[in-house]
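The values are calculated or read from the model by the stated rules, or taken from the named source; none is laboratory data. Remember, it's a predicted structure, so these values are computed and weren't measured experimentally. All Cβ positions, glycine included, derive from the backbone under ideal geometry; neighbour counts span all protein chains shown.
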Amino acid sequence: MSEIRKYINLIESAMRIDESFKNTKEKFITQYDNEQEVKEYIEKFKELAKRNIIKGQDKDIGKWIKAGWESFKEFIDQSSTQQSKRQYKKKVKSDSITVYEDDEKIVVIPLSEKVSCYYGKNTQWCTAATNDNMFNKYAIIQRNIPFYVLMRDGSKFACMYNKHTRVFDCYDERDKSITEGNFKNQTGITRADMIGWYNEYKNPIEEAFSLDGRSDQTKEAAIRANPQAISELESPSARLIKIAIRSNPKNILLVQNPPIDSIVDAVVMQPTLASKFTDLPASAINKLLMKMPELYLQLDMFDNATTQMQIDAKDIKLVDNNISDITKIPNASEIVLWYAIEQNPLVVKYIHNYKNFNYAMYKAAVSSEPTVIRYGEPDDELLAHAAYHNPVVLSYYDNISDEVLEFIITEHDDAYQYIKNPSDYITDLQKRIWG
């Protein structure tokens, strides 16, 4: 037969089929007065036949013309249900991983709530519940890997493996917690088996349970529940990093390319972490030194310290060894002066005339040690503060305002003795208050 003849036969066959469907439609409309629904069912028939859901003689539309509309409709409904079941089972297989199978059991990892319900059917597991299902809480938020063990005798067991804490929580089908030993006795499965299966199928498991792409609320809940999960995020926000390092500053080491400010926060919380970030840029080193001047004593660990930082470090080491050696550094920077004051506020007596000494340093030193007020010219507020904590400072000055003196003698019965040249008002006030 020539190719042309074959082509003509195909066209004629198609035309006969179209004619058959046309006749079917006309016949069914006489039996059921809804042309649109009849048309839809005929289209379903064509689709099911094409997918090979309908087979053999059932594919012959002529059979259904003879059987009638009701039989045809019932058959299409049943076939559609069969197709849905096949598609669901296919979905179940694509949303789960069978990690092990033998004559006694099948071990699967469900990757979605729907599939968890499918494999957990007839159990009391909250991860397989129809209402208030907890699968996403356990798998996504708490970062557990669910292993479902389906025994050939019909019994079922579940074990949740947390890859961060290496904790295993095992349950029987009644959702009763059982020990790992009991779980092993019932299933023949050890923690080493499950860790091995996780490592073998790590990529598809991680992809299914990935936090990336989920809502900020879900990510935050996951990090709060398991701070080490910060390592799973490709670009975690500063907020999520802060949550993780507040739990444990070492979690900064789990963050991929952490922001400078997050590194600084972590090191401030746990200074020993500084040695893990020796290649910080100078700007970051400066932020650390501002918050932790004691790091000047270990400045050599940083690769990018500036010349000025190195000079300050040398001076700070000198002062740290002997505070009075500040006298050898008349041009000490503000950084060095602040460090010296924090170590011992009495150092003000050596540095109050230095060019880089300022009122803020003076005020900070007085707040810590009132007697160093004598080395400067305080305002009334600072003088009142110092005298309140130590009235003897009143003896350092000749002309203190009555307002300050009134406040001090009201608070201290022995303050009057330190006042030089008190006014009649202050003398009278002393007598009225203390006699």
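From the list Ile205, Ile252, which one is β-branched (Val, Ile, Thr), modelled with pLDDT under 95 and assigned to a helix (DSSP H, G or I)? I'd like the intermediate steps shown before the answer.
Numbers: Ile252 fails: modelled with pLDDT under 95.
Matching residue, one of Ile205, Ile252: Ile205.
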Inset, instruction - Could you give me the residue pairs with C-beta distances under 7 Å whose first residue belongs to the range 125-140 and is touching a residue at least 60 places away in the same chain (Cβ under 8 Å), whose second residue is buried (at least 18 other Cβ atoms within 10 Å of the Cβ) and part of a loop (DSSP other than H, G, I, E, B) wherever it lies, and which are 6+ apart or on separate chains? - result: Ala139/Phe209; Ile140/Phe209
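When you go through Ser333, Ser401 one by one, which is the residue that is exposed (fewer than 15 other Cβ atoms within 10 Å of the Cβ), over 19 Å from Trp434 (Cβ atoms) and of a type in the set (S, T, N, Q)? Before you say what the answer is, go through the steps one by one.
Working: Ser333 fails: exposed (fewer than 15 other Cβ atoms within 10 Å of the Cβ).
One residue alone meets the criteria, Ser401.
Considering each residue of the range 394-435, count those that are part of a loop (DSSP other than H, G, I, E, B), over 18 Å from Leu382 (Cβ atoms) and among the acidic types (Asp, Glu), and give that number.
2
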Inset, instruction - Determine if the range 336-355 includes at least one residue that is aliphatic (A, V, I, L, M), loosely packed, with under 15 Cβ neighbours inside 10 Å and touching a residue at least 12 places away in the same chain (Cβ under 8 Å). - result: no
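Quick one: which residue in Asp303, Asp315, Asp279 is in a helix (DSSP H, G or I) and acidic (Asp, Glu)? Break it down stepwise before answering.
Details: Asp303 fails: in a helix (DSSP H, G or I); Asp279 fails: in a helix (DSSP H, G or I).
Only one candidate passes the filter, namely Asp315.
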Legend entry - the range 151-200: number of residues that are under 26 Å from the mean Cα position of the chain (by Cα) and in a loop (DSSP other than H, G, I, E, B): 4
